[in-house]
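The values are calculated or read from the model by the stated rules, or taken from the named source; none is laboratory data. If you're wondering where the values come from, they're calculated on a predicted model, not measured in any experiment. Heads up, the Cβs are rebuilt from the backbone with ideal geometry, glycines too, and the neighbour counts pull from every protein chain shown.
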Amino acid sequence: MFHINKLRYLLLLVVISASLSCNKFLNVTPNNNLSGNNFWTKTSDYEGYTAGLYNQLRSYLCNSTAFFMVTGEFRYGLWENVSGQNRGGGTLNDMLSELTSNNMNGIYSSSQDWVSGYGYSKINDWATWYTIIQDCNILQAQVAENKDDVLSANDQKRYNAEAVFVRNLCYFLMVRLYGDVPYYTEAYASEPTTRTAMKDVVNNCVEDLKSVADDLPWTLVSETSGYYATRASRAAVYALIMNLDMWNATFDSENKTHYYQETDSVGSILINQNEGYYQLMPISTLEQSKEIFRGFTKESIFTIPSNYNLGETFTSVAQMGFFTLAGTNYDPDNADAKSALYLNSDYLTKLYPNTNDSRFRIWFGGADNYSSHDGNFEFYKFYNIDQIDGGSTDSKILFRMADAILLRAEALNYLGRTDESVAMLNLIKTRAGTPAYSVAGGGGETAGANKDLESEIIWERLREFIGEGSFFYDVVRTKAIINSTYFKNTMTSDAFNLKAWTWPLSPSVRDQNPNITLNTYWQ
């Protein structure tokens, strides 16, 4: 991820990964080259190892898979295929049909090229996640040992906190995908374990994160370096806690008030006390929008960067622009190139009822663009284009300020603090240039959630985060997925309760650990 000494760190990552990949899950033995006298002897060793954690995340999420596209954006999604336009191997329309109908077994039984082209075989096997988690555990153990007092007290706290952040980010992404997962934090764990209840994993993660939040600065890398918000920071920890708590509020409903209260308190600190490092950025012009999704502004809280000049680009199918740009925006040598996806114009005008909404105006252009279903449709949200080879160079933003604001709005509404919730919601609406929302009959303190406000916050999330790979997770967490009000591809309540929202696990995970049970809905 970082261009300074990049080659050295990548070579280190190869050594680390090779030392772990040959071991069975949760049965890892130390590599003497890393844990003995040849390593952990200078600060650059810790820095290189830590940089390797972020590189592993990047490699898995944005290079070897189209993780956020297939699990978060296309599953049950809104996008439709332009006839005859394919991307990533195989027939795109067939893949979208399987994903939007939640036929996950159909995905894995298919012989089409998109099975490998999109990295599906890596997504249903959690081995990569546990390789990263094990590396986090090793880093934490080595930082605690601090051999020969190489690290200063501040560096010791920081590297420990970075290990904790990356580990719990992995667990967060895993529970949203698989539900219950094995949970462990010790280095070189050797005892096979069973799957831990999802709510317990989430609660463990939150407590782990709270213990290190104050050990990190608000931002670890300066904005002027060009790598703003690409390492763990206090803000990233708080954003992750908010997302974890709001996930648990849905699935551990007996304790939902606690989760809402913590989301509010942590969100208040993040939004109001971040020492000026984070804010909503303006989005009234295309250039302002491009700047946000390039990924290095004060709106970004945690980002996986894309930088063409440093060779830090994503695989094509991990980029939304690969599917939604046309002409020379997609292919510099082909002015007639077509986009592969579009949004139904009737749904689009339902999603954005106010045509003055800057997101609608900038991201979807005029009527000639958004009403086109023949491959001339373009989605300009991800519009940072490499002018030589084509393709999007937008970064992958996992957490940004708009998300924290809308999560807090949601929590405040469920706590009955209507006026405060509306104020949070209207920060997003004001930025988009749309009329402020008001509660019919006034706001104030109420006995529970205002249902109209609840619905409006869901709609606002759909408008704000379209194309960012969070759609499916949002509609699962809010249960909008079982309500046909919001979109046509709904899930029944029974299927939801049977965990049809989980991703199927490969039987190979049982080869690695016979104590593991697979996701029963997909058996």
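Odds and ends about this structure:
The rows are residues; the columns are (1) at pLDDT 95 or above; (2) under 21 Å from the mean Cα position of the chain (by Cα); (3) hydroxyl-bearing (Ser, Thr, Tyr).
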| residue | (1), (2), (3) |
| --- | --- |
| 453 | yes, no, no |
| 461 | yes, yes, no |
| 493 | yes, no, yes |
| 515 | no, no, no |
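- Here residue 296 meets each of (1) surrounded by fewer than 24 Cβ atoms within 10 Å (Cβ to Cβ); (2) among the hydrophobic types (A, V, I, L, M, F, W, C); (3) farther than 19 Å from residue 57 by Cβ; (4) in contact with a strand residue (DSSP E or B) (Cβ under 9 Å, 6 or more places away or on another chain) with one exception, condition (3).
- Applying the criterion of being at pLDDT 95 or above and buried (at least 20 other Cβ atoms within 10 Å of the Cβ) to the residues of the stretch 207-223, the residue that is nearest to residue 183 (Cα to Cα) is 209.
- Criterion applied to 451, 479 was being touching a residue at least 40 places away in the same chain (Cβ under 8 Å) and either exposed (fewer than 14 other Cβ atoms within 10 Å of the Cβ) or at positive phi (or both), and the one residue passing it is 479.
- Restricting the search to helices (runs of 4 or more DSSP H) fully inside the stretch 393-502 and requiring at least 2 residues that are closer than 17 Å to residue 359 by Cβ and touching an Asp or Glu at 6+ places or on another chain (Cβ under 8 Å) gives 401-414, 418-432, 451-464.
- Output for the stretch 475-516, where each listed residue is within 23 Å of residue 362 (Cα to Cα) and either in contact with a helix residue (DSSP H, G or I) (Cβ under 6 Å, 6 or more places away or on another chain) or of a type in the set (Val, Ile, Thr) (or both): 486
- The residues on offer are 80, 98, 47, and the sole one that is closer than 25 Å to residue 304 by Cβ and of a type outside the set (A, V, I, L, M, F, W, C) is 47.
- Top-ranked residue of the stretch 317-361 - restricted to ones that are surrounded by 21 or more Cβ atoms within 10 Å (Cβ to Cβ) and of a type in the set (S, T, N, Q), ranked as nearest to residue 281 (Cα to Cα): 319
Yes/no per residue for (1) under 17 Å from residue 505 (Cα atoms); (2) of a type outside the set (Gly, Ala, Ser); (3) surrounded by 21 or more Cβ atoms within 10 Å (Cβ to Cβ); (4) within 22 Å of the chain's Cα centre (by Cα):
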site: 50; (1), (2), (3), (4): no, yes, yes, yes
site: 64; (1), (2), (3), (4): no, no, no, yes
site: 75; (1), (2), (3), (4): yes, yes, yes, yes
site: 78; (1), (2), (3), (4): no, yes, yes, yes
site: 86; (1), (2), (3), (4): no, yes, no, no
site: 92; (1), (2), (3), (4): no, yes, yes, no
site: 102; (1), (2), (3), (4): yes, yes, no, yes
site: 105; (1), (2), (3), (4): yes, yes, no, no
site: 110; (1), (2), (3), (4): yes, no, no, no
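- Filtered residues of the stretch 476-488 (kept if more than 16 Å from residue 453 (Cα to Cα), among the hydrophobic types (A, V, I, L, M, F, W, C) and modelled with pLDDT of 95 or more): 476, 481, 482
- When we screen 307, 248 for residues that are of a type outside the set (Ser, Thr, Tyr), within 23 Å of residue 421 (Cα to Cα) and either buried (at least 23 other Cβ atoms within 10 Å of the Cβ) or touching a residue at least 40 places away in the same chain (Cβ under 8 Å) (or both), the only hit is 248.
- Residue among 161, 153, 197, 144 that is among the small types (Gly, Ala, Ser) and touching a residue at least 24 places away in the same chain (Cβ under 8 Å): 161
- Of all residues assigned to the stretch 151-162, none qualifies as being in contact with an Asp or Glu (Cβ under 6 Å, 6 or more places away or on another chain), at pLDDT 95 or above, assigned to a loop (DSSP other than H, G, I, E, B) and surrounded by fewer than 18 Cβ atoms within 10 Å (Cβ to Cβ).
- Qualifying residue in the stretch 351-372 (condition: under 19 Å from residue 459 (Cβ atoms), among the aromatic types (Phe, Trp, Tyr) and out of contact with any helix residue (DSSP H, G or I) (no Cβ under 9 Å at 6 or more places or on another chain)): no
- Some residue of the stretch 280-290 being at pLDDT 95 or above, within 21 Å of the chain's Cα centre (by Cα) and closer than 29 Å to residue 202 by Cα: yes
- Candidates 440, 436, filtered to the one that is within 27 Å of residue 269 (Cα to Cα), more than 20 Å from the chain's Cα centre (by Cα) and free of Cβ contacts under 8 Å to residues at least 24 places away in the same chain: 436
- Residues of the stretch 112-146 classified as buried (at least 20 other Cβ atoms within 10 Å of the Cβ), aliphatic (A, V, I, L, M) and over 20 Å from residue 74 (Cβ atoms), total: 5
- Hits in the stretch 131-148 (condition: touching a helix residue (DSSP H, G or I) at 6+ places or on another chain (Cβ under 9 Å), under 14 Å from residue 42 (Cβ atoms) and either of a type outside the set (A, V, I, L, M, F, W, C) or outside any helix (DSSP H, G or I) (or both)): 142, 146
- Condition check for residue 85 on (1) part of a helix (DSSP H, G or I); (2) farther than 25 Å from residue 521 by Cα; (3) of a type in the set (S, T, N, Q): one failure, at (1).
- Residues (in a helix (DSSP H, G or I), crowded, with 21+ Cβ neighbours inside 10 Å and in contact (Cβ under 8 Å) with a residue 24 or more places away in the chain) located in the stretch 362-383: 363, 370
- Here residue 288 meets the list (1) among the polar types (S, T, N, Q); (2) surrounded by 21 or more Cβ atoms within 10 Å (Cβ to Cβ); (3) in contact with a Pro (Cβ under 7 Å, 6 or more places away or on another chain) almost entirely, failing just condition (2).
- Residue ID - surrounded by the most Cβ atoms within 10 Å (Cβ to Cβ), chosen from residues in the stretch 454-469 that are more than 14 Å from residue 410 (Cβ to Cβ) and not hydrophobic (A, V, I, L, M, F, W, C): 467
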